[in-house]
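Worksheet: the structure to be examined is printed underneath.
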Ligand code: ADP
């Protein structure tokens with residue numbers, strides 16, 4: 001794959017994000033949900049997006065379905081393609097964050113190195129990155145199995161399925177951990193909102 005670091009691509013430095021945010025009255029950052037399939041990432045991410053927008057906060061969710069059908073539709077599920085999938089998502093989230101949006105990503109993102117890279121992309125740009133570990137036990141995820149994926153993986157119809165025959169590397173220091181076997185969707189959203197408020201991402205009037 002072509003790499004711009006080998007070519008003469010010139011980076012145009014435009015409006016600094018602090019100035020953009022001050023003028024627009026917003027503050028960008030990324031909330032990165034990670035966890036097993038069926039842990040509840042998409043459900044919580046959608047509810048959080050809705051709650052933030054209801055409060056007047058510009059928030060936008062990226063998740064497996066909207067990204068894999070568009071930007072990443074040329075990618076499969078090999079290790080290399082999964083890495084590339086997460087790399088692109090990290091870059092897109094960063095752009096959304098820089099623009100002043102609260103980007104919310106909901107991907108299994110099972111490998112620590114991939115999540116670390118997404119974090120680094122944000123930190124290098126001076127942007128907040130909130131890693132939220134949706135830590136629902138495998139048995140619970142497997143019992144839910146909303147898309148029948150675990151059943152198919154156990155039957156050997158799908159291979160390299162995270163939690164079954166591919167590893168999930170749990171975050172070592174997530175900003176927040178949510179066990180949806182014990183918390184309702186509303187409680188999970190509340191904890192995310194508190195996390196964002198504490199970090200000054202949401203103004204008091206919006207809380
Ligand atoms: P993921 O995005 O992690 O694959 P989904 O959000 O698509 O997971 O699916 C999680 C399933 O678990 C949904 O069917 C959802 O209704 C159910 N669920 C039950 N309790 C919760 C909870 N407290 N938080 C999130 N999801 C929950």
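Relative contact order, percent, of the range 39-103 when contacts are C-alpha pairs under 8 Å separated by at least 6 residues? Intermediate values should be presented prior to the final figure.
Numbers: 39 pairs, mean separation 22.0, N = 65.
Relative contact order comes out at 34 percent.
Report relative contact order for the chain in percent, whole number only (criteria: Cα-Cα under 8 Å, sequence separation at least 6). Let's see the in-between values first.
On the way: 299 pairs, mean separation 61.0, N = 207.
Value for the chain: 29 percent.
For the ranges 64-72, 129-137, 114-122, what's the packing order if you count other beta-carbon atoms within 10 Å of each residue, average per peptide, and put the highest first? Intermediate values should be presented prior to the final figure.
Working: 64-72: 14.1, 129-137: 21.7, 114-122: 18.4.
Result, highest mean first: 129-137, 114-122, 64-72.
Return the single residue from 158, 89, 108 with maximal mean-square fluctuation; model: Gaussian network over the chain, springs between Cα atoms under 10 Å.
Most flexible of the set in this elastic network: 158.
Name the shape class, rounded, prolate or oblate, that the alpha-carbon gyration tensor gives for the range 1-87, where a ≥ b ≥ c are the square roots of its eigenvalues, rounded holds for a/c under 1.5, and otherwise prolate holds if a/b is larger than b/c and oblate otherwise. Don't jump to the answer; show the numbers that get you there.
Details: a/c = 2.79, a/b = 1.03, b/c = 2.71.
Cα axes put the range 1-87 in the oblate bin.
Rounded, prolate or oblate, given the Cα gyration tensor of the range 112-207, with a/c below 1.5 counting as rounded?
Working: a/c = 3.17, a/b = 1.59, b/c = 2.00.
In terms of gyration-tensor shape, oblate.
Normalised by the number of residues in the range 25-135, what is the relative contact order in percent for Cα pairs under 8 Å and 6+ residues apart? List each step's numbers first, then the result.
Numbers: 180 pairs, mean separation 54.6, N = 111.
Once normalised by length, the contact order is 49 percent.
Among rounded, prolate and oblate, which fits the chain when a ≥ b ≥ c are the square roots of the eigenvalues of its C-alpha gyration tensor, a/c under 1.5 means rounded, and a/b larger than b/c means prolate? Don't skip to the answer; put the middle values down first.
Values: a/c = 2.19, a/b = 1.22, b/c = 1.79.
Taking the square roots of the gyration eigenvalues as a ≥ b ≥ c, the chain is oblate.
Connecting C-alpha atoms closer than 10 Å in a GNM of the chain, tell me which of 39, 153, 106 has the biggest fluctuation.
With Cα springs under 10 Å in the chain, the top fluctuation among 39, 153, 106 is at 153.
Going by average Cβ density within 10 Å per residue, which order do the peptides 174-187, 40-53 take, highest to lowest?
Final packing ranking: 40-53, 174-187.
Given the DSSP H assignment, sum -39500 (n - 2.57) over each helix run of at least 4 residues in the chain and divide by its residue total; what's the result at 222 nm in deg cm²/dmol, nearest 500?
Working: 8 runs with 88 residues, N = 207.
Only helices count here, giving -13000 deg cm²/dmol.
Rule-based calculations on the coordinates, nothing more; no lab input. Note that the structure is a prediction, hence the values are computed from the model and not measured. Glycine also receives a Cβ, built like all others from the backbone with ideal geometry; neighbour counts cover every protein chain displayed.
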